[in-house]
Amino acid sequence: MTDNKDIKALIQKAESTHMLSKDEIVALLADTQYQDEFFAAADRVRQKYVGDEVHLRGLIEFSNICKQNCLYCGLRRDNKKVNRYRLEPGTVLDFAIKAKSYGYRTVVLQSGEDEWFSVDTMVDIIKRIKELGLAITLSVGEKTREVYQAYRDAGADRYLLRIETTDKALYEKLDPGMSWDNRVRCLKDLKELGFELGTGCLVGIPGQSLESLADDVLFFKSIDADMIGVGPFIPNPDTPLAEEVGGTFELSTKVMAMTRLLLPDINIPATTAMETLNPQGRVLALQRGANVVMPNVTEGDYRQMYMIYPGKICINDTPAHCRSCITGKIRGIGRKVSESHGFRVKRA
Ligand code: SAH
């Protein structure tokens, strides 16, 4: 057992050295007594390494068609209840132009694993968006190294592919037909090709332990991730995990704060799923280590059709509303909206 004095010492150690053992991470994740001190330490590290600026990334959800069948995800192939859509490349470009007009310096292009978007089509979209002077983050799943290379050559700057969990057996149970080793191969290829690498995990998936979450954070450090998205698992009624208990807001932000303490200079989004569980979720996350928000720039009915999990926030809002809403929230906690592209500045 770790006594109280040890917990405080561990928080100090994390804040000053950015190194903890797996057992130490587990002890901190399990602690409830010194949670406020823990979050305050993550907030100080955030302030010291990445400052008060919050980077906004405009999220374009361009297709909800997916060939994969992940048990937790509403976009899974076997979910017949979701209305499928895919945006024309020209529409994706229109949304990117609008994102730029709202002042976003980055667009995140996210979709299911939709084979309709060939390499040539993606390369064309990437090139046209790059002409706008925007940074591009792709989040389109597992591809070959050659395909990643083509995206990179076309000008894509960052890539987001969550490992979801570092527990290989659990991953392969929840992502049938997928290989954990291949996911790691993707992450390593992306890093080698010079993308800013984003990954992350789900918190509270059935069968996950605190030990496993500690492994996740250590994994993020070992692959030198440039950004980490942590979000609670929210059971989706139209999936095989409908009856499971989801992750909590508190534990998700704890894993996020731990990530800030151990990877002090990376970019960490306050995730949308956090706000689904807590109406102040993103603002609280920004005060517990996060420095990025990804407002949705997808318009109209597509928002509700991109239903990964239920209760997704802001599905009836317009992109313009999201922009002013989030700006107000950021200013309300004494932070400012960044005017830079928001690349990672290595300081650790
Ligand atoms: N096809 C892309 C994008 C996936 S969707 C890819 O493979 O990277 C983006 C993220 O949503 C996933 O990485 C997963 O972590 C998250 N997600 C999926 N189902 C979820 C659920 N039920 N609750 C919360 N987050 C979920």
**Asked** Can you find a residue in the range 215-226 that is within 11 Å of the ligand (Cβ to nearest atom) and buried (at least 22 other Cβ atoms within 10 Å of the Cβ)?
**Response** no
**Request:** Kindly establish whether Gln68 is at pLDDT 95 or above, within 16 Å of the ligand (Cβ to nearest atom) and surrounded by 16 or more Cβ atoms within 10 Å (Cβ to Cβ).
**Result:** yes
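Residues are listed down the side, and each one gets a yes or a no for (1) away from the ligand (no atom under 13 Å from the Cβ); (2) open to solvent by 10 Å² or more (accessible area, probe 1.4 Å); (3) among the aliphatic types (A, V, I, L, M):
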{"position": "Arg162", "(1), (2), (3)": "no, yes, no"}
{"position": "Lys168", "(1), (2), (3)": "yes, yes, no"}
{"position": "Met178", "(1), (2), (3)": "no, yes, yes"}
{"position": "Arg185", "(1), (2), (3)": "yes, yes, no"}
{"position": "Gly198", "(1), (2), (3)": "no, no, no"}
{"position": "Gly204", "(1), (2), (3)": "no, yes, no"}
{"position": "Gln208", "(1), (2), (3)": "no, yes, no"}
{"position": "Leu213", "(1), (2), (3)": "yes, no, yes"}
**Asked** Just to be sure, is Leu263 open to solvent by 30 Å² or more (accessible area, probe 1.4 Å), under 30 Å from Glu15 (Cα atoms) and aliphatic (A, V, I, L, M)?
**Response** no
**Request:** Might you let me know whether the range 79-97 holds any residue that is touching a residue at least 24 places away in the same chain (Cβ under 8 Å), within 14 Å of Ser63 (Cβ to Cβ) and basic (Lys, Arg)?
**Result:** yes
**Prompt:** Restricting attention to the range 310-336, and to residues there that are open to solvent by less than 40 Å² (accessible area, probe 1.4 Å) and in a helix (DSSP H, G or I), which single residue is modelled with the highest pLDDT?
**Reply:** Ile330
**Prompt:** Tally time: how many residues in the range 103-137 are aromatic (Phe, Trp, Tyr) and open to solvent by 40 Å² or more (accessible area, probe 1.4 Å)?
**Reply:** 1
**Request:** Show the residue pairs that are 6+ apart or on different chains and have beta-carbon atoms under 7 Å apart, the first residue being within the range 103-114 and away from the ligand (no atom under 16 Å from the Cβ), the second being among the polar types (S, T, N, Q).
**Result:** Arg105/Ser340; Thr106/Thr137
**Candidates Asp78, Asp36, Asp43, Asp23, filtered to the one that is surrounded by fewer than 19 Cβ atoms within 10 Å (Cβ to Cβ) and within 21 Å of the chain's Cα centre (by Cα)** = Asp43
**Fill in**
Residue pairs within 8 Å by beta carbon, gap of at least six or interchain, first lying in the range 134-152 and in contact (Cβ under 8 Å) with a residue 12 or more places away in the chain and assigned to a loop (DSSP other than H, G, I, E, B), second more than 16 Å from the ligand (Cβ to nearest atom) and among the aromatic types (Phe, Trp, Tyr), listed first then second, are Leu134/Tyr104
**Qualifying residues in the range 231-258 (those that are of a type outside the set (Val, Ile, Thr), under 14 Å from the mean Cα position of the chain (by Cα) and closer than 13 Å to Thr272 by Cα) - the one farthest from the ligand (Cβ to nearest atom)** = Ser252
**Prompt:** Residues in the range 301-309: is at least one more than 20 Å from Lys329 (Cα to Cα), in contact (Cβ under 8 Å) with a residue 24 or more places away in the chain, of a type in the set (Val, Ile, Thr) and open to solvent by 10 Å² or more (accessible area, probe 1.4 Å)?
**Reply:** yes
**Asked** Mind checking which residues of the range 30-65 are more than 10 Å from the ligand (Cβ to nearest atom) and small (Gly, Ala, Ser)?
**Response** Ala30, Ala40, Ala41, Ala42, Gly51, Gly58
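The values are calculated or read from the model by the stated rules, or taken from the named source; none is laboratory data. Every value quoted in this text rests on a predicted model; they were computed, and no experiment measured them. Every residue, glycine as well, gets a Cβ built from its backbone with ideal geometry; the counts of neighbours run over all protein chains shown. Protein only, heavy atoms only, side chains kept; ligands, DNA and RNA dropped before computing areas. Shrake-Rupley method; radii C 1.70, N 1.55, O 1.52, S 1.80 Å.
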